[in-house]
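Structure first, then comments.
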Amino acid sequence: MLCTLFLTACDRETPKELESVRPVNIFEVSNSAQQGVRIFPARIIAGDRTDLAFKRPGQLQQLLVREGEQVSKGQVIAELNSNDARLRLRDRQATFDLAQAQFNRFATLSGPQCHSPRRTGCSSCSA
């Protein structure tokens, strides 16, 4: 046994193989995903958006709330230009005044023994 121990101990060491250094390919990774990306300006709208409707048409004169601000029921949020409404009111008032004057005239003419001077003159001409 000792013999085998000595024989194995005297054996030459096998030369270790030198590790060969392999070259490594190095390249820089760019963000190629952004090359195909397009950027568009946008506005994010909440899911509980409500379209507004007004009783009267017109141009917006003043906006009293800002985007994203809380509003309560019945709160005035905008004012419309009142020039068109004022002109329509004057027109309707003039039409009403004319109709009222004609009504009053016919009411006085329809009284007993009342004739229009124009009709009286025309009826005497044809007689």
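Just so you know, all these numbers are worked out from the coordinates, no wet-lab data involved. All values reported here derive from a predicted model rather than from experimental measurement. FYI the Cβ positions are ideal-geometry reconstructions off the backbone, even for glycines, and counts take in every protein chain you see.
Some observations on this one:
- Under the simplified labelling scheme, the ARG88-GLN102 pair shows an inter-label distance of 2.2 nm, with each label point 7 Å from Cα along Cα→Cβ.
- Peptides 80-90, 63-73, 20-30 ranked from most to least packed by the mean count of surrounding Cβ atoms within 10 Å: 80-90, 63-73, 20-30.
- Difference of contour (0.36 nm per residue) and Cα-Cα distance, THR50 to VAL21: 3.5 nm
- Charge tally in the Cβ shell below 14 Å around ARG88, where Lys, Arg are +1 and Asp, Glu are -1, ARG88 excluded: +3
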